[in-house]
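All of the numbers you see were taken from the coordinates with simple rules; none came from a lab. What you see is a predicted model; the values in this text were computed from it and never measured. Heads up, the Cβs are rebuilt from the backbone with ideal geometry, glycines too, and the neighbour counts pull from every protein chain shown.
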Amino acid sequence: MSTVSVVIPCYKYGHFLADCVRSVLDEQPGVDVRVLIIDDASPDDSAETARALAAGDPRIEVHVHEQNKGHIATYNEGLLEWADGDYVALLSADDRLVPGALARASALLDAHPEAGFAYGRPLRFRHGGPLPHARTRSTGPAVYPGHWWLERRFREGTGCITSPEVLVRTALQRKVGGYDPQLPHAGDIEMWMRLAAHADVGYIRGADQAFYRVHGSNMSTTDFGGQLDDLRQRLTAFDSVLAKCGDLLPDRDRLAEQARTRLARYALRRAYRAYDRGRTGLVPVAELEDFAAECLPGYRGLAEYRALRRRRRIGARAMPYLQPLVLSAVADRGREWLWWQSWKRRGI
């Protein structure tokens, strides 16, 4: 039977702990599980709640910080210093595992030693609302070559994992290292990519693996200035992977160009949409364009830049009213281009 170490960092989330721990210890048959709850000096009764849970189950251990160390240091304490099972998972105290998730992921990693980690689909649910219905029967595992999976992340310029749905081979986690403290908002995607540079990636098809709670305290940033910070963090994450794992990636220059092109497009898209929505006073349009230039010196050749330039000519005040006409004109030009290409191919 596979052994799994589950790290549950907690900061002011003591009221979620019982449900989180129950999903790990009571709903995961077929694996030998141990849990570490790390309370990062919560000012409420989270530490007392954790100790009460540990008193009732010998599989639970509790560490309480006297001073707040921050989420990255707390994560790495559990992943790199405490975990000793075959596999390790990091589960925020406000999230939960889907029943059977650890057995499904362990079975994949047991059967495919070339895979460094396995993940599946997370189910998002709103704080205060009911849990969505979860699928618990897998249609079979998939194992992707690590470098192929890594290239897809560079090409798309974003991650595809929230975190609670992942199970990592502990030996590989220690070899590659944990979260980078220089990346407080993009440390997860950077770490998954580092793991993929060293090993293949398993995916559990058909079944859901975790419940991810969405509420105002999530680490993700949603304000307009925060969106620019998110793009900067992503750029740093991709650069970090290439710096740390470049010797394993012979096509590192192409990967860098793919990521920087995608991020430049994201930035310019957010900039021109600010005109469409009448939010140029809130969205840092000039800074977004500067970021695009930083990513890609030839950014002015992108369609997204042409869209931004067109909207600047129209003006921020008129653009929300003229948006349908602008989009219609762009669509008409696209149809005209397709007709012209078809006409040329016919040789008329």
(message) From the helices alone, meaning DSSP H stretches of at least four residues, give me the mean residue ellipticity at 222 nm for the chain, per-run term -39500 (n - 2.57), in deg cm²/dmol to the nearest 500.
(response) -15500 deg cm²/dmol
(message) Can you tell me the orientation of helix 101-111 relative to the chain, as the angle in degrees between its alpha-carbon axis and the longest Cα principal axis, to the nearest 10?
(response) 90 degrees
(request) Identify, among Trp148, Thr162, Ala134, the residue whose Cα sits farthest towards the positive end of the charge dipole of the range 112-268, taking +1 on the Cβ of Lys and Arg and -1 on the Cβ of Asp and Glu, with the dipole about the Cα centre. (result) Ala134
(request) Please name whichever of Tyr305, Ala286, Gly246 sits farthest to the positive end of the charge dipole of the chain, dipole taken about the Cα centre and charges placed at Cβ: Lys and Arg +1, Asp and Glu -1. (result) Tyr305
(request) Starting from the amide H of Val33, placed 1.01 Å from N in the peptide plane, find each other amide H under 5 Å away whose residue is 5 or more places distant or on another chain. (result) Val4
(message) Helix 252-276 against the longest principal axis of the chain: what's the angle in degrees, Cα atoms only, rounded to the nearest 10?
(response) 70 degrees
(request) Post the alpha-carbon centroid distance, the range 163-209 to the range 262-308, in whole angstrom. (result) 30 Å
(request) Could you pull the Rg and Dmax for the chain, using just the Cα atoms, both in Å? (result) 23.3, 83
(message) How much of the DSSP bridge set in the chain is antiparallel, in percent, rounded to the nearest 5?
(response) 30 percent
(request) Could you give the size of the charge dipole of the range 3-214 about its Cα centre, using +1 on the Cβ of each K and R and -1 on the Cβ of each D and E, expressed in debye and rounded to the nearest 20? (result) 800 debye
(message) If you average 1/r across every pair of different Cα atoms in the range 109-197 and take the reciprocal, what Kirkwood value do you get, in Å?
(response) 14.7 Å
(request) Just the ratio, please: alpha-carbon radius of gyration of the range 241-290 over 2.2 N^0.38 Å, N its number of residues. (result) 1.58
